[in-house]
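Peer 1: Have a look at this one before I ask anything.
The values are calculated or read from the model by the stated rules, or taken from the named source; none is laboratory data. Just so we're clear, the structure is a prediction, and the values are computed from it rather than from any experiment. Heads up, the Cβs are rebuilt from the backbone with ideal geometry, glycines too, and the neighbour counts pull from every protein chain shown.
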Amino acid sequence: MYRAHVLVCGGTGCTSSHSPEIIDALNEELKAKGLENEVQVVRTGCFGLCSNGPIMIVYPEGCFYSQVKVEDVPEIVEEHLLKGRIVKRLLYSETLTQEEIKPLNQTNFYKKQRRVALRNCGVIDPENIEEYIAVDGYQALAKCLTELTPEDVIKIVSDSGLRGRGGGGFPTGRKWSFTAANKADQKYVVCNADEGDPGAFMDRSVLEGDPHCIIEAMAICGYATGATEGYVYVRAEYPIAVKRLEKAIEDAKAYGLLGKNIFDSGFDFDLHVRLGAGAFVCGEETALMTSIEGNRGEPRPRPPYPAVSGLFAKPTTENNVETFANIPQIVLNGPEFFNTIGTETSKGTKVFALGGKINNTGLVEIPMGTTLREIVEDIGGGIPNGRKFKAAQTGGPSGGCIPEKFLDTPMDYDSLLKIGAMVGSGGLIIMDDTSCMVDIAKFFLKFTVDESCGKCTPCRVGTRRLLEILEKITDGKGTMEDLDTMEALCYYIKDNSLCGLGQTAPNPVLSSYRHFKEEYIAHVRDKKCPAGVCKNLVQITIDPEKCKGCSACSRKCPVGAISGKIKEPFVIDQSKCIKCGVCIETCRFDAISRK
Amino acid sequence: MKSVEELLAIKNKVKGQMNVRSENGEDNIRVLVGMATCGIAAGARPVLNALVEEVAKRNLSNVYIAQTGCIGVCQYEPIVEIVEPGKEKVTYCKMTPEKAIRVVTDHIVNGKPVAEYTIGAVAK
């Protein structure tokens, strides 16, 4: 029996900032002090506040230590674990108040969150099946197999109002009922964990922090739809998630929670893991199934839909990781538990990976309908360096941007569609006034051009031509006609592409053109980049009035473009300048500016 | 595993061990063990561990056990304080693991403070 538990984040973020070394040092130090039988060290999944990692929580006090270093470990063991004195200098600053230590769930970052899909992340040891069982794990499966009929299960999921969390937003219950209605000798359940959007890591965190809930949910889905086999398609770039998922499947088999005749109900369910080879298109459901079958990952036309002819041409239900993560809670607590959270048409919570120009980078789970302003200003802690919010990109390369005037838009499927953005899979990238919207659109388009599988022409050639127009604009060679061609081409690609990749690829261009038209026009007509990002449209110049001739900038310039005599104004050779901006940061007299 | 009962048995066994990780609720009974130098020297750690074991064995989820600093009467260490919501704090002194177990059974479970171990009785 352990009197204290030390939870250390073992998610990818904290792992890359040395949390495994911290765990080793903790175990060593505890042993040296003879505390190894009194204090338990647990490697958990992601806590969400990644910008403050590596994160450590010590119970029973619930102390939240942030940015812990290996060198801090002896002090934590000696002071806190041996003598009971909290190491205040390491506490997350917001939890340290005058009188007492504030609980984590009262901090701004966590206060407005509601954790359903992430409920066990950062709470349990993902590699210990018994800890998952202790937090009601596998009870939803037991309830389905022993008390409910498959129709009951589908009704519960339908009544909950859960919609697909991978981006499409299709009602999950209805999807399951389609597969259930088809008769076949074999049906499949597929979990889409091929999370490819740049900056998105919701699914990774669920798999890393709570792999058993996905296994349980897939078995429930199998029972409801009549499938006896499942596949999880995970990116090979997620080694920690893959390792934990494989261990979880092994343990579930050993405990009889996967395999033949589960809970003596006569229901069999088996699960396999397949690794993706890093193709974005494999996140599209038909391409993903083609890839599982062992073929090159290319989409196929729908219909037939997967519910009729999916994996190996059998009826298949495919859901995203986060969708599955909600299932055990819905089954266990009833549909009301879920459909009382959120808005009229978007029920429950949504996990967002908050990134970009924001103070609290990390993972947040909020009730649907929370406004973007609450996410940015309260949970996210605002924009760093006192800069101004410009836009937020949702849904990655398939989504759109939300400008400042829509900051009070509730984050739900329908409200976001109305303003030309989408909930998407949950990537949320915040941009400040130093970001150029044309450049951002170009960035996402470059990504889709690289990732287009090449099967259909509108996507393969269309996105390439679209990128060329954008490059022309950011190079300052665009014409007003180009803008019209660009818009027409966007709609053409959307309407004619075979799969979701091409159909959504022009979204970043269209939405930024819709909300930031004046910025596009500035690039074309005035040959100016208002944010000062597009290198061919800006010049860095030294103001001779302000320059003291100290030569600091010319010494820092990486290409030797700045010359002059000491104590006389220096000048930049525009033909050499690469616009890196080092000189601007170097100048102590504010004499250099980007125009 | 073939039955729901087996699943629940694992749940109940492990849940007790994980109680430590729940946030400290306001209506919890708080048990504070003096763990400053004086407390440790007088043998507070075996007392603390005995308390943790006993509380877990009895699956008392409403009990929060934590270390605290020097209470100020070092000659009576190891000291254990029990704070129940709405009641006056009870201070036990010169504790041993055996005494600690009795405090859990009599005081925490049955609500009868063990008068002879309290600082009032020992300090006479």
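Peer 1: Would you mention how many residues in region A:10-36 are within 14 Å of another protein chain (Cβ to nearest Cβ), touching a helix residue (DSSP H, G or I) at 6+ places or on another chain (Cβ under 8 Å) and of a type outside the set (D, E, K, R)?
Peer 2: 2
Peer 1: Tell me which of these A:Ile330 doesn't satisfy, since it passes every other one: (1) over 26 Å from A:Leu141 (Cβ atoms); (2) modelled with pLDDT of 95 or more.
Peer 2: Condition (1) is where A:Ile330 drops out.
Peer 1: Could you tell me whether any residue of region A:145-152 is modelled with pLDDT of 95 or more and surrounded by 24 or more Cβ atoms within 10 Å (Cβ to Cβ)?
Peer 2: Scanning region A:145-152, I find no residue that is modelled with pLDDT of 95 or more and surrounded by 24 or more Cβ atoms within 10 Å (Cβ to Cβ), so the answer is no.
Peer 1: Can you tell me which residue within region A:179-220, out of those that are within 14 Å of the chain's Cα centre (by Cα) and either outside the structural domain of A:Gly230 (by TED's automatic domain parsing) or among the hydrophobic types (A, V, I, L, M, F, W, C) (or both), is nearest to A:His272 (Cα to Cα)?
Peer 2: Ranking the qualifying residues of region A:179-220, first place goes to A:Ala193.
Peer 1: Would you call A:Gly382 of a type in the set (Gly, Ala, Ser) and touching a residue at least 40 places away in the same chain (Cβ under 8 Å)?
Peer 2: For A:Gly382, the condition - of a type in the set (Gly, Ala, Ser) and touching a residue at least 40 places away in the same chain (Cβ under 8 Å) - is not met.
Peer 1: Quick test for you: out of A:Thr485, A:Thr504, A:Thr463, pick the one residue that is surrounded by fewer than 19 Cβ atoms within 10 Å (Cβ to Cβ) and either in contact (Cβ under 8 Å) with a residue 24 or more places away in the chain or not small (Gly, Ala, Ser) (or both).
Peer 2: Of A:Thr485, A:Thr504, A:Thr463, the one residue that is surrounded by fewer than 19 Cβ atoms within 10 Å (Cβ to Cβ) and either in contact (Cβ under 8 Å) with a residue 24 or more places away in the chain or not small (Gly, Ala, Ser) (or both) is A:Thr485.
Peer 1: While we're here: Considering only region A:470-481, state which residues are outside any loop (DSSP other than H, G, I, E, B) and either crowded, with 19+ Cβ neighbours inside 10 Å or small (Gly, Ala, Ser) (or both). Even if it seems obvious, please write down each step before you answer.
Peer 2: Here is the first cut: in region A:470-481, the residues outside any loop (DSSP other than H, G, I, E, B) are A:470-474, A:480-481.
Of everything in region A:470-481, those that are outside any loop (DSSP other than H, G, I, E, B) and either crowded, with 19+ Cβ neighbours inside 10 Å or small (Gly, Ala, Ser) (or both) turn out to be A:Leu470, A:Ile473, A:Thr474.
Peer 1: Any idea which of (1) surrounded by fewer than 20 Cβ atoms within 10 Å (Cβ to Cβ); (2) within 14 Å of chain B (Cβ to nearest Cβ); (3) touching a strand residue (DSSP E or B) at 6+ places or on another chain (Cβ under 9 Å) is the one A:Glu78 doesn't satisfy?
Peer 2: Failing condition for A:Glu78: (3).
Peer 1: Okay, moving on. Check off (1) assigned to a loop (DSSP other than H, G, I, E, B); (2) crowded, with 20+ Cβ neighbours inside 10 Å for A:Glu61 and give me the number that stays unchecked.
Peer 2: Among (1) assigned to a loop (DSSP other than H, G, I, E, B); (2) crowded, with 20+ Cβ neighbours inside 10 Å, A:Glu61 violates only (2).
Peer 1: Tell me, please, whether a residue that is within 28 Å of the chain's Cα centre (by Cα), within 14 Å of chain B (Cβ to nearest Cβ) and not in a helix (DSSP H, G or I) can be found in region A:155-178. Don't jump to the end; show me each part of the working.
Peer 2: Looking only at region A:155-178, we keep the residues that are within 28 Å of the chain's Cα centre (by Cα), and these are A:156-176.
This time we only want the ones that are within 14 Å of chain B (Cβ to nearest Cβ), so: none.
The answer is no, given that none of the residues of region A:155-178 is within 28 Å of the chain's Cα centre (by Cα), within 14 Å of chain B (Cβ to nearest Cβ) and not in a helix (DSSP H, G or I).
Peer 1: A further question follows. Taking the condition of being crowded, with 17+ Cβ neighbours inside 10 Å and either in contact with a His (Cβ under 9 Å, 6 or more places away or on another chain) or away from every other protein chain (no Cβ under 14 Å) (or both), how many residues in region A:241-268 meet it?
Peer 2: Qualifying residue count for the region: 9.
Peer 1: In addition: Report the residue count in region A:561-595 for those that are more than 40 Å from the chain's Cα centre (by Cα), surrounded by fewer than 16 Cβ atoms within 10 Å (Cβ to Cβ) and over 25 Å from A:Asp475 (Cα atoms).
Peer 2: 7
Peer 1: Look through region A:53-64, keep the residues that are under 24 Å from the mean Cα position of the chain (by Cα) and closer than 14 Å to A:Ile23 by Cα, and return whichever of them is modelled with the lowest pLDDT. I'd like the intermediate steps shown before the answer.
Peer 2: As a first pass, look at region A:53-64 and keep what is under 24 Å from the mean Cα position of the chain (by Cα): A:53-57, A:64.
Those still in the list that are closer than 14 Å to A:Ile23 by Cα too: A:53-57.
Values: A:Gly53: 86, A:Pro54: 94, A:Ile55: 94, A:Met56: 95, A:Ile57: 94.
Here the residue is A:Gly53.
Peer 1: From the list A:Gly84, A:Gly122, pick out the single residue that is on the phi > 0 side of the Ramachandran plot and either within 24 Å of the chain's Cα centre (by Cα) or assigned by TED's automatic domain parsing to the domain that holds A:Val376 (or both).
Peer 2: It is A:Gly122.
Peer 1: Hey, among the residues in region A:302-332 that are under 15 Å from A:Ile154 (Cβ atoms) and part of a loop (DSSP other than H, G, I, E, B), which one's farthest from the chain's Cα centre (by Cα)?
Peer 2: Checked region A:302-332; the qualifying residue farthest from the chain's Cα centre (by Cα) is A:Pro315.
Peer 1: When you check B:Arg102 against the structure, is it facing chain A (nearest Cβ under 9 Å) and either outside any strand (DSSP E or B) or buried (at least 16 other Cβ atoms within 10 Å of the Cβ) (or both), yes or no?
Peer 2: No; evaluated as a whole, the condition is false for this residue.
Peer 1: Any chance you could count how many residues in region B:105-120 are assigned to a helix (DSSP H, G or I) and free of Cβ contacts under 8 Å to residues at least 40 places away in the same chain?
Peer 2: 6
Peer 1: Is there a residue being part of a helix (DSSP H, G or I) and touching a His at 6+ places or on another chain (Cβ under 8 Å) anywhere in region A:462-469?
Peer 2: No, region A:462-469 contains no residue that is part of a helix (DSSP H, G or I) and touching a His at 6+ places or on another chain (Cβ under 8 Å).
Peer 1: Among the residues of region A:8-45, count how many are buried (at least 18 other Cβ atoms within 10 Å of the Cβ), among the small types (Gly, Ala, Ser) and assigned to a helix (DSSP H, G or I).
Peer 2: Of the residues in that region, 3 qualify.
Residues are listed down the side, and each one gets a yes or a no for (1) crowded, with 24+ Cβ neighbours inside 10 Å; (2) within 23 Å of A:Phe280 (Cα to Cα):
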site: A:Val190; (1), (2): yes, yes
site: A:Ala193; (1), (2): yes, yes
site: A:Pro198; (1), (2): no, yes
site: A:Glu208; (1), (2): yes, yes
site: A:Pro211; (1), (2): yes, yes
site: A:Ala217; (1), (2): yes, no
